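Visitor: This is the structure I have questions about; it appears just below.
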Amino acid sequence: MAFAFRTATAADAAALAEFAERTFRETFGPDNRPEDMELYIAESYGADHQRAEILEPALVTLLAEAGGTLAGFVQLRRGKAPACVSGPTPVEIWRFYVDRSWQGRGLAGRMMAEACAGARAGGGQTVWLAVWERNARAIAFYRKCGFAVVGEQPFLLGTDQQNDFVMARGLGA
């Protein structure tokens with residue numbers, strides 16, 4: 001299947017909000033308390049929230065589509081990186097989600113290539129991300145993509161203080 005990649009526009013906010021919430025629930029819901037999931041989702045998703053993110057100059061939202069249907073998205077964020085990210089000109093992969101029906105079919109690798117190209121095009125020389133320490137599948141994928149654990153940082157899901165690994169890699173020439 002051929003995938004198309006494009007930058008999100010404000011018109012994509014409602015569809016992205018639904019997709020982001022659904023994929024977040026599918027990924028993390030089984031391992032977290034429902035009340036913490038609800039608090040986090042209320043603070044992080046919704047059409048207005050997604051529209052604001054799409055319009056935020058320091059954030060780039062890339063959509064992956066298959067046959068005109070949203071199959072995944074990745075968000076790149078410029079800003080201060082944690083001290084453990086020592087590479088030059090870092091760009092964060094803030095969110096990276098693939099629809100379950102597309103997992104294991106090559107989309108994630110294509111999305112990572114697009115994310116790295118986008119970071120490089122924006123002047124980035126290093127790319128980093130935070131991943132829940134209990135998300136073994138994602139950690140294995142990121143390692144396969146050349147990322148290494150360089151540190152840790154806290155993540156608050158509702159009222160539950162969790163721990164994320166910080167992973168980074170250089171972007172090369």
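The values are calculated or read from the model by the stated rules, or taken from the named source; none is laboratory data. The model shown is predicted, which means the values in this text are computed figures rather than measured ones. Virtual Cβ from ideal backbone geometry, glycine too; neighbours counted across all protein chains shown.
Visitor: Could you list, ordered by first residue, the pairs with Cβ atoms under 9 Å in which the first is in segment 75-104 and closer than 17 Å to Arg120 by Cα and the second is part of a strand (DSSP E or B) and of a type in the set (Asp, Glu), at least 6 apart or interchain?
Guide: Gln75/Glu92; Leu76/Glu92; Arg77/Glu92; Arg78/Glu92; Gly79/Glu92; Ala81/Glu92; Val85/Glu92
Visitor: Here is a further query. I'm told Gly123 meets every condition in (1) buried (at least 21 other Cβ atoms within 10 Å of the Cβ); (2) farther than 18 Å from Leu16 by Cα; (3) not β-branched (Val, Ile, Thr) except one. Can you identify the failing condition by its number?
Guide: All conditions pass for Gly123, except number (1).
Visitor: Could you say whether any residue in segment 13-27 is of a type in the set (Phe, Trp, Tyr), in a strand (DSSP E or B) and either farther than 17 Å from Val131 by Cβ or in contact with a Leu (Cβ under 6 Å, 6 or more places away or on another chain) (or both)?
Guide: Within segment 13-27, none of the residues are of a type in the set (Phe, Trp, Tyr), in a strand (DSSP E or B) and either farther than 17 Å from Val131 by Cβ or in contact with a Leu (Cβ under 6 Å, 6 or more places away or on another chain) (or both).
Visitor: Tell me the residue from Gly172, Gly146 that is at pLDDT below 95 and not β-branched (Val, Ile, Thr), please.
Guide: Only one candidate qualifies: Gly172.
Visitor: State which residue is surrounded by the fewest Cβ atoms within 10 Å (Cβ to Cβ) when the search covers only segment 49-64 and only residues that are part of a loop (DSSP other than H, G, I, E, B) and not aliphatic (A, V, I, L, M).
Guide: Pro57
Visitor: Okay, next question. How about segment 146-173: which of its residues are of a type in the set (S, T, N, Q) and loosely packed, with under 14 Cβ neighbours inside 10 Å?
Guide: The answer is Gln153, Thr159, Gln161, Asn163.
Visitor: Pairs only if they're at least six apart or on different chains, beta carbon under 6 angstrom, first in segment 138-167 and over 19 Å from Val91 (Cα atoms), second among the hydroxyl-bearing types (Ser, Thr, Tyr); list them, first residue then second.
Guide: Note: pairs meeting the criteria are Leu157/Tyr40; Gly158/Tyr40.
Visitor: Separate question: Which members of segment 44-60 meet the condition of being at pLDDT 95 or above and either in contact with a Phe, Trp or Tyr (Cβ under 6 Å, 6 or more places away or on another chain) or aromatic (Phe, Trp, Tyr) (or both)?
Guide: None - no residue of segment 44-60 is at pLDDT 95 or above and either in contact with a Phe, Trp or Tyr (Cβ under 6 Å, 6 or more places away or on another chain) or aromatic (Phe, Trp, Tyr) (or both), so the list stays empty.
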